[in-house]
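The values are calculated or read from the model by the stated rules, or taken from the named source; none is laboratory data. Every value quoted in this text rests on a predicted model; they were computed, and no experiment measured them. Glycine gets a Cβ as well: all are built from the backbone with ideal geometry, and neighbour counts include every protein chain shown.
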Amino acid sequence: MVARADLLSDVIGSSKKHSLLNLFELTSELIRAYDLEHFDVPDTKPWELLSFLMEEHGLKQSDLPELGNQSVVSQILSGTRDLNVRQINSLGNALRYRQAYFLSAPINQAFA
């Protein structure tokens, strides 16, 4: 499923209206549901997770240009802006963390 989510993410790219976007979100949620059942996964908001991982990796906002400029990164870290598919894919690859954990809480809770 992770390989399928990675493939879907590559196909979708940064499109916000791609026909496969719902399939990507569903696949990511299935991965998250599996992980929640089989692993100790923290229940946290995407921006809190990002902030924690940035601290763990010693990263600053300027170290994440794939998210956008520092204003965009600030908005994401404050919770006023959600991550898009392209950003989620980039974070998952850069920080070696499952993309599903970066989805917004309403989507995550819909499958809990």
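Any idea which of ARG96, ARG81 is modelled with pLDDT of 85 or more and either charged (D, E, K, R) or touching a strand residue (DSSP E or B) at 6+ places or on another chain (Cβ under 9 Å) (or both)? Spell out the reasoning first.
Values: ARG96 fails: modelled with pLDDT of 85 or more.
Result of the check over ARG96, ARG81: ARG81.
Matching residues to (1) in contact (Cβ under 8 Å) with a residue 12 or more places away in the chain; (2) under 23 Å from THR80 (Cβ atoms); (3) of a type in the set (A, V, I, L, M, F, W, C):
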position: ASP10; (1), (2), (3): yes, no, no
position: SER15; (1), (2), (3): yes, yes, no
position: SER28; (1), (2), (3): yes, yes, no
position: TYR34; (1), (2), (3): yes, no, no
position: LEU49; (1), (2), (3): yes, yes, yes
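Can you name the number of the only condition in (1) in contact (Cβ under 8 Å) with a residue 60 or more places away in the chain; (2) crowded, with 16+ Cβ neighbours inside 10 Å; (3) touching a Gly at 6+ places or on another chain (Cβ under 8 Å) that LYS45 fails?
The single condition LYS45 does not satisfy is (2).
For the stretch 49-77, name all the residues that are of a type outside the set (A, V, I, L, M, F, W, C), under 21 Å from GLY13 (Cα atoms) and not in a helix (DSSP H, G or I).
Within the stretch 49-77, GLY68, ASN69 meet the criteria.
Please find, within the stretch 1-40, the residue that is surrounded by the most Cβ atoms within 10 Å (Cβ to Cβ) out of those that are of a type in the set (A, V, I, L, M) and not in a helix (DSSP H, G or I). Write out each step before concluding.
Within the stretch 1-40, the first condition is being of a type in the set (A, V, I, L, M), and the residues that meet it are 1-3, 5, 7-8, 11-12, 20-21, 23, 26, 30-31, 33, 36.
Of the ones still in play, those that are also not in a helix (DSSP H, G or I) are 1, 20.
Working: MET1: 11, LEU20: 15.
Residue satisfying both the conditions and the ranking: LEU20.
Filter the stretch 46-69 down to the residues that are in contact with a Ser or Thr (Cβ under 9 Å, 6 or more places away or on another chain) and closer than 15 Å to GLY92 by Cα and list them by number.
Listed by number, the residues that qualify are PRO46, TRP47, PHE52, LEU64, GLU66, LEU67.
Which of (1) within 21 Å of GLY13 (Cβ to Cβ); (2) more than 12 Å from the chain's Cα centre (by Cα); (3) in contact (Cβ under 8 Å) with a residue 12 or more places away in the chain does VAL85 not meet, given it meets every other one?
Checking VAL85 against (1) within 21 Å of GLY13 (Cβ to Cβ); (2) more than 12 Å from the chain's Cα centre (by Cα); (3) in contact (Cβ under 8 Å) with a residue 12 or more places away in the chain, the one that fails is (2).
With the condition kept exactly as written, say whether any residue in the stretch 32-49 is modelled with pLDDT of 80 or more and of a type in the set (S, T, N, Q).
So far as the stretch 32-49 goes, no, none of its residues is modelled with pLDDT of 80 or more and of a type in the set (S, T, N, Q).
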